[in-house]
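**Student:** Before anything else, here's the structure in question.
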Amino acid sequence: MTSVTTPANFTELGLIPPLLARLTELEYQQPTPIQAQAIPSVLAGRDLIAGANTGSGKTATFALPLLQKIQQQQLALQSHTEKSLAGNSSKGNYVIGLILVPTRELAKQVADSIKSYAVHFNGKIKTVAVFGGVSVNTQMLALRGGSDILVATPGRLLDLISSNAIKLDKVNTLVLDEADRMLSLGFTEELSALLALLPKKKQTLLFSATFPEQVKALTQELLNNPIEIQLQSRDASTLVQRVFTVNQGEKTAVLAHLIQQQQWRQALIFVNAKHHCEHLAEKLAKRGITAAVFHGDKGQGERSRVLDGFKAGEIEVLIATDIAARGLDIEKLPVVINFNLPRSPSDYMHRIGRSGRAGEVGLAISLIDHEDYHHFKVIEKKNEIRLEREQVEGFEVDEVINEQLLAELLAESKPMAAPEGSGKKKRKKKATINADIWSGYSETE
Ligand code: AMP
């Protein structure tokens, strides 16, 4: 695997002027490590397998070379036939670049990013997003005459193929974004069906935060002599993780206290079940805090409205299930709070990755009561982190439980890799927080 090198500037990566102009407008001053390492090889047509954390800038890593490739193909075709690629292929409901993603929100987000990167191509590159949960007719209309880039969730794409709204025989670039998530969401059969419809000869780019066996198998099946990039875990200085022990039954009070005391501009709170979202929102409302909820039982219109409101900063507190844990890019989100711990250790990383993106300072807090204690240790172990247990001033854990926690900790503590800055030092018996410790993380903008 390639190790991280000093990022070059975008011009050195070989990108064409319309893209460079756009990156300047977006104030991307230099490529992120994955962009610096991958873009030149992807432009050269190589397959890629990348283990990139959320927030690493991976969308641009595949989107910029894909746009450049399609633009160059269009120009070459025009000079030969005086026809655009779209014109040439309009009968077949063609797709040139296919990006498969696990969730509706990610499909929309990725398509929006691509459209934004392409603004200086004078609208000649057509990008369409298709995903379930909304009317298929509008998407069929959008696909008429083909699309240069299609961002899709697997199930809806198969539906569209079976109704002849789309054909995959002209695809020359395939991107699998969040491959691990797609497989864990049960898209294995859909993926196999889709892959069978794709031309053998194509460039394939696979992104995955983790590499379980299923992803490795997919990689072997799909990739041809790929370049491999495994980024080191996120820079510890940009995302601070903290864990607070609380008494059972006091989580809501602690949460409300933190929200009110810290005055974060925004907070994303994760719970484990859809109905918990509404319960917690009601409990917070009684304490004077208005929160919106986001989960899979909401209609697509409502989901989009809430997400757009949160992205625009109109919604300050959002309570969500893990549906919001992957891929979502909320600019400058100051804090993510695990009100309930995620079941899977990898979901912990995905959840906390919503904050501290693109080099911003971020904070991830987990509230654990006695019942969560063992599970949090599993999460730490799997993710090779070790966090000091802290307490919130005014909500100290009852002495009996505290003693119990300490006993467990001492009995089971084994040497583990500590994240930079978290300290391998001996844990203090009781670490309380005060306003000074927090000052670096409260909203200052
Ligand atoms: P991603 O990991 O693709 O979801 O990107 C995370 C965020 O980083 C998005 O808001 C991007 O717009 C932003 N971003 C991507 N590349 C850069 C860059 N080179 N400089 C600054 N921001 C970037």
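**Student:** Treat segment 10-230 as a sphere of radius equal to its Kirkwood radius over Cα pairs and apply Stokes-Einstein at 4 °C in a medium of 1.567 mPa s; give the translational diffusion coefficient in µm²/s, rounded to a whole number. Provide the component values of the computation, followed by the final result.
**Tutor:** Working: Rh = 17.5 Å.
Answer from the Stokes-Einstein relation: 74 µm²/s.
**Student:** For segment 135-208, report the convex hull volume of the alpha-carbon atoms normalised per residue, in Å³, without decimals.
**Tutor:** Roughly 91 Å³ of hull volume per residue.
**Student:** In terms of modelled amide H atoms, which long-range or inter-chain residues lie less than 5 Å from the amide H of L206?
**Tutor:** Those lying under 5 Å, H to H, from L206 are L48, I49, A50, L176.
**Student:** Using alpha-carbon positions, what is the distance between the centroids of segment 123-191 and segment 12-57, in Å?
**Tutor:** 24
**Student:** Return the long-range amide H neighbours of E390 (sequence gap of 5 or more, or a different chain), with a cut-off of under 5 Å between placed amide H atoms.
**Tutor:** Answer set, sorted by chain and number: V243, F244, T245.
A short reminder: the numbers here are calculations on the coordinates, not readings from a lab. Note that this is a predicted model, so its numbers are computed, not measured.
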